[in-house]
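Trainee: Pasting a structure below so you can have a look.
The values are calculated or read from the model by the stated rules, or taken from the named source; none is laboratory data. Bear in mind the structure is a predicted one, so any value in this text is a computation, not a measurement. Note that each Cβ is placed from the backbone with ideal geometry, even for glycine, and that neighbours are counted across all protein chains shown.
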Amino acid sequence: MTTPDTTHAARTSTPAVPMVGRSVPADDAGAIVSGALSYVTDRRASGMVWAAVHRSVHPHAHLRSVDTSRAVAESGVIAVLTGVDVPNNHLGSDPANGPVLADQVVRQVGEAIALVAAVDEATARRAAALIQVEYEPLPVVSGPVTAPDEVASVSLHPGGNVAGTIGFRSGDVDAALGTAELVVEMDTVTSAQEHVAIETPGGMAEWDLGKVTIWCGSQNPGLHRRLVAHALGLDADDVRLISNPVGGAFGSRNDDPVPVYLALLAWHTRRPVHLHLSREETTVAGPKRHPYRTRVRIAVDGAGMLSAIDSRAIADTGPYVTSGRYVLKTSAEMSVGPYATPNARFDGTVAYSNNANAGAFRGFGVPQVAFGLELAMSRAAERLRLDPAELRRRNLLRAGGRHSLYGHPVGHGFRAVETLDAAAEHPFWREREAWAAGSVGPWRRGTGIALAIKGVGMGSGRGDIARARLIVATDGQINIWAGPNHTGQAIETSYRQVAADVLGLPADRIRVHVGDTELVPESGATAASRSMYAGGAAVERVCAQLRAALDEAGAGRPLQEVAAELVAAGRAEYEAEFPLPDVADPGRIPPEALAEYAPHAVYGCSAQVVRLEVNRLTGEVRLHGVVCAVDAGVAINPGATIGQAEGGVAQGIGFALFEEYRVHEGRPVTTGLENYLVPTAVDTPPIETILVPGYEGTGPFGAKGMSEVVVVPTAPAIAAAIGAATGVWPQHLPVTPERLWTALRAADGVVAA
Amino acid sequence: MNVNGTAVTGYDAGARLLDVIREHLGLRGTKEGCGVGECGSCTVLLDGEPVCSCLVLAGQAEGREVTTVEGLASCPAGARLREQLVDHQALQCGYCIPGVMVSATAHLSRTEEVTEESVRTAISGNLCRCTGYTKLVSAVLTAASDTGAHS
């Protein structure tokens, strides 16, 4: 880093080099490429002990007894903890979120039963394996997605196996379906997707003078601090969580219990504790994208106008609800896609099972429902002999228009038309016939297009707020503590770009800190596409306060001089918050039910085109390229934004073609990366990102969130391309060669053996 | 064995090379992502060959030259790669990057005609969950052209 120029003027009317809109490498990029960056699981301390977890081998069972005596007797073991050692054995206040350590019943293979701390990792793992649990197996609930005809004989929670429902309708869907010229139905199944953050959960914790400090990845440090405080019976102020640097998240670090395990062990042993889960533990016990079974029907008239969208979705949340109800809520809102139609209906259920615990995953309920809707749109276009892009264009929700289900306005920054056009104008789409004509032998070529919408932030009525704090030092150095946290997006670099331009100062005068509950004012989750939008807006606001103070002190004076005056006058510290806007008008939603449906005031969208080949004989799919147009408003850091888009598309490819966490009667079939396939560099084609010009009036410098919506259109675009290439429209994800081969054989009239 | 050019002794020959590197030597640039040779985060060079250090016992590296991500700066291809990965904004969380650095450096060091396909194959044992690989591939190709290896 260069030495700051302390002679720089306190402000200039326009910064010499605006930072917003520049592609700036992440602050820690240099440390990453040299191997010097110390992640939370790289942390060590003297006197540190190593931890391991004993986990359930049954999907559903009463615990008759947990005998830790052999583990306790093992040489080198320092502590063995079970549920009775947890002061408040709950992960939060809702019992449906499960215990910290199961003490009466287990509801999933891999559920944590005991924690061990020992002098080294091998001893901890060996001792954990010595814990004897006597199980009384109970009937297994496979759930409505895995086993749609199941009649469950047991309830996993006192209220039954339904964790939540949501329903809403506008207009008269049945009448529209009954009179439409064309009704297209898709009955889709989407599978449990594992995040596969490359750094598995883990970190370190230390107990000192009545306070616990935890270094562990978290997408919501404030929430984790409360979970830890609740479980240990501490004041939240006595819990400090430092949540980066961390190796990826994608939703997996929203509800991760590891910070609680670490704190508990440090509290009991009074020693620094290290825990790093194995990939196998993470694969089996970690959260997944909710599997869904969705039936969507669209009604279209002869002119290609949508007269109805009707969706029914069932989601499997596994043994505990965590974010399941919110995921379903998001599905409901996005079930109508970016389309205008007078009649819409959504009926959704989220149910418990003894399968993998499901949680937040990038896209949060949208990829599951958008898949069938978009596939139906492409299929309808084919039936009507219309360009699939044109069919979508005729039905697009325009900026300022009203949401088809809830009737609230969608905001003026929404750029669905421009985003769709940007993708459709790409040669991949324009030259799709020439591409198809080049098919050779069994390799049939196809091109698909799809579009998606996703709200920014937690939604209306949820009290969603981001905050920032700023201190200017006598030497003019500016420190900003802001949330949401960074889990790989270089968010602090983008916050710094915003700060530099508000203050009219060089970016190297400004340091941004994230992910520390002691210093950063609570700002909510790194989730819901809200970080750049909400965190950036809070940074903009706090910097505007300092800017006003600098202006008041007189333009053109040396910053150092003015800074010293501000410090002397007790005006060195500033705080600001940005409450995310609620919808201007709740439309058809009763005002008192606003939080129940939580519609968004701000949306983004993405349109993607996929070019591929399918081997008609083997069912193999080869991707040749993906074009991703994304409506991100003003990109604060275009290089970072494009990186988010490319990474999102790759996860969409995995969801479409490769990734499936499989269970059979509650027992994992998938156990690790040897049988859970994520796309490699040879599976992933070149991805071309188009940042669609736009401006979100409520966001910092016109920016809005975009990192989730880019995951959504990939799978339906791939499936539509397969449909175009082969005439077979796959409705079960992932489209493995075996599934596609079976469907192709069926289409050829060959009955499977 | 030599690690990054320095002789190393006093380790348990039956330990995983990964653990000797991380815990005995404290070189924590080398990461563990799966422990079974599937993710490539623990890739190091063993006599110039990329290997998953979670699959090698320290005793198997005896008398040999081990290069970790920390040792790559001393070779020209490694230094160029560092620069290009940063400039291309080719990394996000960065946890896979030490492994990618090692695999790509080996590829550049011993390949005359580096192509997009050859780069994708060379890093196909390194799982990255953040980037979608597009920028990683561009960065490696640019580093290759700077070292004269890009056809």
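Trainee: For B:Val100, all conditions in the list (1) within 8 Å of chain A (Cβ to nearest Cβ); (2) closer than 23 Å to A:Gly654 by Cβ hold save one; what is the number of the exception?
Mentor: (1)
Trainee: Going through segment A:162-212 one residue at a time, which ones are within 30 Å of A:Gly233 (Cα to Cα) and out of contact with any helix residue (DSSP H, G or I) (no Cβ under 8 Å at 6 or more places or on another chain)?
Mentor: Correct list: A:Asp208, A:Leu209.
Conditions (1) small (Gly, Ala, Ser); (2) within 14 Å of chain B (Cβ to nearest Cβ); (3) surrounded by 14 or more Cβ atoms within 10 Å (Cβ to Cβ), marked per residue:
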{"position": "A:Met19", "(1), (2), (3)": "no, no, yes"}
{"position": "A:Ser23", "(1), (2), (3)": "yes, yes, yes"}
{"position": "A:Ala29", "(1), (2), (3)": "yes, yes, yes"}
{"position": "A:His54", "(1), (2), (3)": "no, no, yes"}
{"position": "A:Leu63", "(1), (2), (3)": "no, no, yes"}
{"position": "A:Gly83", "(1), (2), (3)": "yes, no, yes"}
{"position": "A:Val86", "(1), (2), (3)": "no, no, yes"}
{"position": "A:Gly92", "(1), (2), (3)": "yes, no, yes"}
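Trainee: Which of the following residues is of a type in the set (Gly, Ala, Ser) and within 27 Å of A:Tyr352 (Cβ to Cβ): A:Ala593, A:Ala601?
Mentor: Answer to the check: A:Ala593.
Trainee: Would you call A:Ala36 free of Cβ contacts under 8 Å to residues at least 12 places away in the same chain, within 14 Å of chain B (Cβ to nearest Cβ) and either more than 30 Å from B:Gln84 (Cβ to Cβ) or not charged (D, E, K, R) (or both)?
Mentor: yes
Trainee: Let me ask another. Across segment A:181-225, which residue is farthest from the other protein chains (Cβ to nearest Cβ) among those that are touching a Gly at 6+ places or on another chain (Cβ under 7 Å) and hydrophobic (A, V, I, L, M, F, W, C)?
Mentor: A:Met186
Trainee: Would you confirm whether or not segment B:108-119 contains a residue that is buried (at least 24 other Cβ atoms within 10 Å of the Cβ) and at the interface with chain A (Cβ under 9 Å from one of its Cβ atoms)?
Mentor: Yes, some residue in segment B:108-119 is buried (at least 24 other Cβ atoms within 10 Å of the Cβ) and at the interface with chain A (Cβ under 9 Å from one of its Cβ atoms).
Trainee: Within the bounds of segment A:660-677, is there any residue that is surrounded by fewer than 22 Cβ atoms within 10 Å (Cβ to Cβ), in a helix (DSSP H, G or I) and within 11 Å of chain B (Cβ to nearest Cβ)?
Mentor: Scanning segment A:660-677 turns up no residue that is surrounded by fewer than 22 Cβ atoms within 10 Å (Cβ to Cβ), in a helix (DSSP H, G or I) and within 11 Å of chain B (Cβ to nearest Cβ).
Trainee: Report yes if some residue within segment B:122-130 is within 24 Å of A:Val24 (Cα to Cα), more than 7 Å from chain A (Cβ to nearest Cβ) and among the small types (Gly, Ala, Ser); otherwise report no.
Mentor: Scanning segment B:122-130, I find no residue that is within 24 Å of A:Val24 (Cα to Cα), more than 7 Å from chain A (Cβ to nearest Cβ) and among the small types (Gly, Ala, Ser), so the answer is no.
Trainee: Ok, one more. Among the small types (Gly, Ala, Ser), at the interface with chain A (Cβ under 10 Å from one of its Cβ atoms), surrounded by fewer than 20 Cβ atoms within 10 Å (Cβ to Cβ) and over 12 Å from the mean Cα position of the chain (by Cα) - does that describe any residue in segment B:89-96?
Mentor: No, segment B:89-96 has no match at all.
Trainee: Under 7 Å by Cβ, and 6 or more places apart or on different chains, what pairs join a residue from segment A:121-138 that is closer than 10 Å to A:Arg70 by Cα with one that is of a type outside the set (Lys, Arg) and assigned to a helix (DSSP H, G or I)?
Mentor: A:Ala127/A:Ala71; A:Ala128/A:Ala71; A:Leu130/A:Ala71; A:Ile131/A:Ala71
Trainee: In segment B:46-74, what residues are within 13 Å of chain A (Cβ to nearest Cβ) and within 28 Å of A:Pro25 (Cα to Cα)?
Mentor: B:Thr67, B:Thr68, B:Val69, B:Glu70, B:Gly71, B:Leu72, B:Ala73, B:Ser74
Trainee: State all residues of segment B:111-132 that are touching a Ser or Thr at 6+ places or on another chain (Cβ under 7 Å) and either aromatic (Phe, Trp, Tyr) or in a loop (DSSP other than H, G, I, E, B) (or both); if no residue qualifies, say none.
Mentor: B:Thr111, B:Glu113, B:Thr115, B:Ile123, B:Ser124, B:Gly125, B:Asn126, B:Leu127, B:Gly132
Trainee: Assuming A:Glu688 fulfils every condition listed in (1) at the interface with chain B (Cβ under 9 Å from one of its Cβ atoms); (2) closer than 29 Å to A:Thr282 by Cα; (3) not in a helix (DSSP H, G or I) apart from one, which condition is it?
Mentor: Exception for A:Glu688: condition (2).
Trainee: Could you list, in sequence order, all residues of segment A:508-535 that are out of contact with any Leu (no Cβ under 6 Å at 6 or more places or on another chain), assigned to a helix (DSSP H, G or I) and not acidic (Asp, Glu)?
Mentor: A:Arg509, A:Ser531, A:Met532, A:Tyr533, A:Gly535
Trainee: Something else: Does segment A:629-644 hold any residues that are touching a strand residue (DSSP E or B) at 6+ places or on another chain (Cβ under 7 Å) and facing chain B (nearest Cβ under 8 Å), and which are they?
Mentor: Result: A:Ile642, single match.
Trainee: Any residue in segment A:543-553 that is more than 16 Å from A:Ala703 (Cα to Cα), touching a Gly at 6+ places or on another chain (Cβ under 9 Å) and not assigned by TED's automatic domain parsing to the domain that holds A:Leu227?
Mentor: yes
Trainee: On the basis of being in contact with a helix residue (DSSP H, G or I) (Cβ under 7 Å, 6 or more places away or on another chain), part of a helix (DSSP H, G or I) and at pLDDT 95 or above, does A:Val228 make the cut?
Mentor: In short, yes.
Trainee: How many residues, within segment B:133-143, are more than 9 Å from chain A (Cβ to nearest Cβ) and in a loop (DSSP other than H, G, I, E, B)?
Mentor: Residues in segment B:133-143 being more than 9 Å from chain A (Cβ to nearest Cβ) and in a loop (DSSP other than H, G, I, E, B): 0 in total.
Trainee: Can you pull out every residue in segment A:67-78 that is surrounded by fewer than 22 Cβ atoms within 10 Å (Cβ to Cβ) and in a strand (DSSP E or B)?
Mentor: Within segment A:67-78, A:Asp67, A:Ile78 meet the criteria.
Trainee: Pick from segment B:20-45 the residues that are in a helix (DSSP H, G or I) and within 17 Å of B:Tyr95 (Cα to Cα): which of them is nearest to the other protein chains (Cβ to nearest Cβ)?
Mentor: Checked segment B:20-45; the qualifying residue nearest to the other protein chains (Cβ to nearest Cβ) is B:Arg22.
Trainee: Could you list, in sequence order, all residues of segment A:695-718 that are surrounded by fewer than 24 Cβ atoms within 10 Å (Cβ to Cβ) and not in a helix (DSSP H, G or I)?
Mentor: If the condition is that a residue be surrounded by fewer than 24 Cβ atoms within 10 Å (Cβ to Cβ) and not in a helix (DSSP H, G or I), then A:Tyr695, A:Gly697, A:Thr698 are the ones that fit.
Trainee: Follow-up question, since we're still on this one. Mind counting the residues in segment B:65-107 that are of a type in the set (Ser, Thr, Tyr) and either in contact with a Pro (Cβ under 7 Å, 6 or more places away or on another chain) or under 15 Å from B:Val140 (Cα atoms) (or both)?
Mentor: Qualifying residue count for the region: 2.
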